[in-house]
1. Take the residues in region 1-29 that are outside any loop (DSSP other than H, G, I, E, B) and touching an Asp or Glu at 6+ places or on another chain (Cβ under 8 Å), then tell me which one is farthest from M152 (Cα to Cα).
2. When the residues of region 174-195 are filtered to those that are loosely packed, with under 13 Cβ neighbours inside 10 Å and touching a strand residue (DSSP E or B) at 6+ places or on another chain (Cβ under 8 Å), which remaining residue is nearest to L111 (Cα to Cα)?
3. Looking at region 58-89, which of its residues are within 26 Å of G118 (Cβ to Cβ) and touching a Pro at 6+ places or on another chain (Cβ under 8 Å)?
4. Go through (1) surrounded by fewer than 16 Cβ atoms within 10 Å (Cβ to Cβ); (2) modelled with pLDDT of 95 or more; (3) closer than 21 Å to L190 by Cα one by one and return the number of the condition A34 breaks.
5. So is S137 assigned to a loop (DSSP other than H, G, I, E, B) and buried (at least 20 other Cβ atoms within 10 Å of the Cβ) or not?
6. Output the residue which, of all residues in region 3-31 that are among the charged types (D, E, K, R) and over 16 Å from S63 (Cβ atoms), is surrounded by the fewest Cβ atoms within 10 Å (Cβ to Cβ).
7. Condition (residue is free of Cβ contacts under 8 Å to residues at least 12 places away in the same chain and out of contact with any Pro (no Cβ under 7 Å at 6 or more places or on another chain)) applied to region 161-176: is it met by at least one residue?
Amino acid sequence: MRIAGPFAVKTVPPTPWKNGGGLTRTLVVEPEDAGLEDFVWRISLAEIHAPGSFSAYPGIDRSILLWRGQGMVLRSSAWPEHRLLPGQEPFRFRGEDEVTCDPLRTSTADLNLMVRRGYAVGNLHSGSTEIKIAASSDSLFVICADELVDVMTGNGKKLVEPECFLTIANQDAEITIIPSAPAASYVYALMRRLC
């Protein structure tokens, strides 16, 4: 098992979206040196300040979760209009879907998990209570939203502060995520290669 972090989100430099319509911070990518066209999975935190179109990622399965802000409306001819609001489960769609977004009232930030279809699977989850994660994934990603979160491994404990994240590669033991207070909240993602 290899643990990296925790790292502060603000230390990751923002880069333009693939289509130039916004800014994003790539928090983790597999393989580590992969670009936008050859990653197996990727987790990023995007800032949306105005209505616009999402970048196209053919062959990619996407999950999006509101991180900060009042929410946004997602529109596509491939599915009914979807309102992404605080406290909701992640919304999943295909990277080839043409998608537009319209922030509600203020700028927003959203957490994105992208996995290359046929090469990997991944799931994004939000939590506020203690959870145990069996040794069943290639990689685990944890990001803290509010308060503090302890990530317990077979090698000890890692404290993750708000707006910080860590990754665990080759997860070969059970992991426990423990919120430090009733108001604590976090998001975790599990990714596994298929080939």
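1. Result: L23.
2. A183
3. S63, I64, L65 - these are the residues of region 58-89 that are within 26 Å of G118 (Cβ to Cβ) and touching a Pro at 6+ places or on another chain (Cβ under 8 Å).
4. (2)
5. Details: assigned to a loop (DSSP other than H, G, I, E, B): yes; buried (at least 20 other Cβ atoms within 10 Å of the Cβ): yes.
For S137, the condition - assigned to a loop (DSSP other than H, G, I, E, B) and buried (at least 20 other Cβ atoms within 10 Å of the Cβ) - is met.
6. Ranking the qualifying residues of region 3-31, first place goes to K10.
7. Looking for residues that are free of Cβ contacts under 8 Å to residues at least 12 places away in the same chain and out of contact with any Pro (no Cβ under 7 Å at 6 or more places or on another chain), one finds none in region 161-176, hence no.
Each row is one residue, and each column tells you yes or no for (1) in contact with a Ser or Thr (Cβ under 9 Å, 6 or more places away or on another chain); (2) in contact (Cβ under 8 Å) with a residue 24 or more places away in the chain.
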{"site": "T11", "(1), (2)": "no, no"}
{"site": "W17", "(1), (2)": "yes, yes"}
{"site": "G20", "(1), (2)": "yes, no"}
{"site": "R25", "(1), (2)": "yes, no"}
{"site": "E32", "(1), (2)": "no, no"}
{"site": "G35", "(1), (2)": "no, no"}
{"site": "D38", "(1), (2)": "no, no"}
{"site": "I43", "(1), (2)": "yes, yes"}
{"site": "A50", "(1), (2)": "yes, yes"}
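The values are calculated or read from the model by the stated rules, or taken from the named source; none is laboratory data. All of these numbers come straight from a predicted model, not from anything done at the bench. Here the Cβ is made from the backbone with ideal geometry for all residues, glycine too, and neighbour counts use every protein chain on show.
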